[in-house]
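The values are calculated or read from the model by the stated rules, or taken from the named source; none is laboratory data. Every value quoted in this text rests on a predicted model; they were computed, and no experiment measured them. Cβ placement follows ideal geometry from the backbone for every residue including glycine, while neighbour counts extend to all protein chains displayed. In case anyone asks, the SASA skips ligands and DNA or RNA and just uses the protein heavy atoms, side chains included. Shrake-Rupley method; radii C 1.70, N 1.55, O 1.52, S 1.80 Å.
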Amino acid sequence: MRVLKVLRTALPVALPIMLGYVAIGIPCGVMAAEVGVGPAAAFLVSATFYSGAGQFMMSSLALAGTPVASMVASVALVSTRQLLYSAALSPYLARAPKPLAALFAATVTDESFGVNLDRFASGEGWEVSSATAVNLASMFSWAAANALGAAVGPALAIPTTIMSFAMTSIFVCLLAGQRWDLTNVLVAAVAIVGVFALKALGAGSLAVLLGALLGILAGLLLGSFKRRGSA
């Protein structure tokens, strides 16, 4: 009964992410098939590595003949954003059982992070068990879509630009669904301007990470200013 209750709570929250992962997981699986990854391997990699950006990057780098060491370094650099997720989510996991907290931490992605953090911060009693169920349902959707893409990949030819936009569109949808107060507007604006400015300055793949950090810093500074003003 407890499991069913958690699923009834989590699945409606996870469904938009799951549908989005189908849209981008199939193209990711198609790209994996191009470098010789079969459906079973695609499912296993997606359920353990579970990084959309990293998996797209691995396939692209493999197709370009990039050395393994360079691939590992590039994917690790892109994945450093997970450190920010840990810092933001850790206060909400302090009282959770350690096995549950570890499972939650191992299954967080960009999209489930955004959804769960919003639920936790709303003060509506969002539980770690429900948040973990959101992560797991999203992960299964991603892994299944990758396996399907790898299975049908040889018969499909999806343009790379469409694949890239499919991933970007998920972040746009999550951004549009935020509560638009002054802090969120400032964070989004600073991050967007920061990414464009850093790209123009030649920061390359670091531009997204550094732009996000600038947005977070701006939000923290505004929050500190508000607290001082209300003191």
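The table below lists the values:
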| read-out | value |
| --- | --- |
| First in the range 216-227 and in contact (Cβ under 8 Å) with a residue 40 or more places away in the chain, second anywhere and part of a helix (DSSP H, G or I), Cβ under 6 Å, 6 or more apart | Leu222/Thr183; Leu222/Leu186 |
| Residues of the range 90-131 that turn out to be part of a loop (DSSP other than H, G, I, E, B) and open to solvent by 30 Å² or more (accessible area, probe 1.4 Å), as a count | 9 |
| Selection status of Ala88, among the small types (Gly, Ala, Ser) and farther than 19 Å from Tyr50 by Cα | yes |
| Test: Gly54 is of a type in the set (Gly, Ala, Ser) and assigned to a loop (DSSP other than H, G, I, E, B) | no |
| Failed criterion for Val37 (all others in (1) open to solvent by less than 70 Å² (accessible area, probe 1.4 Å); (2) assigned to a helix (DSSP H, G or I) hold) | (2) |
| Of all residues making up the range 187-213, the number that are in a helix (DSSP H, G or I), open to solvent by 80 Å² or more (accessible area, probe 1.4 Å) and aliphatic (A, V, I, L, M) | 4 |
| Residues (open to solvent by less than 60 Å² (accessible area, probe 1.4 Å) and either of a type in the set (Phe, Trp, Tyr) or closer than 17 Å to Gly153 by Cβ (or both)) located in the range 46-57 | Ser46, Tyr50, Gly52, Gln55, Phe56 |
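Residues checked against (1) farther than 11 Å from Gly149 by Cβ; (2) in contact (Cβ under 8 Å) with a residue 12 or more places away in the chain; (3) touching a Cys at 6+ places or on another chain (Cβ under 7 Å):
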{"position": "Leu4", "(1), (2), (3)": "yes, no, no"}
{"position": "Thr9", "(1), (2), (3)": "yes, yes, no"}
{"position": "Val30", "(1), (2), (3)": "no, yes, no"}
{"position": "Ala33", "(1), (2), (3)": "no, yes, no"}
{"position": "Gly36", "(1), (2), (3)": "yes, no, no"}
{"position": "Ala42", "(1), (2), (3)": "no, yes, no"}
{"position": "Ala47", "(1), (2), (3)": "yes, yes, no"}
{"position": "Gly54", "(1), (2), (3)": "yes, yes, no"}
{"position": "Met58", "(1), (2), (3)": "yes, yes, no"}
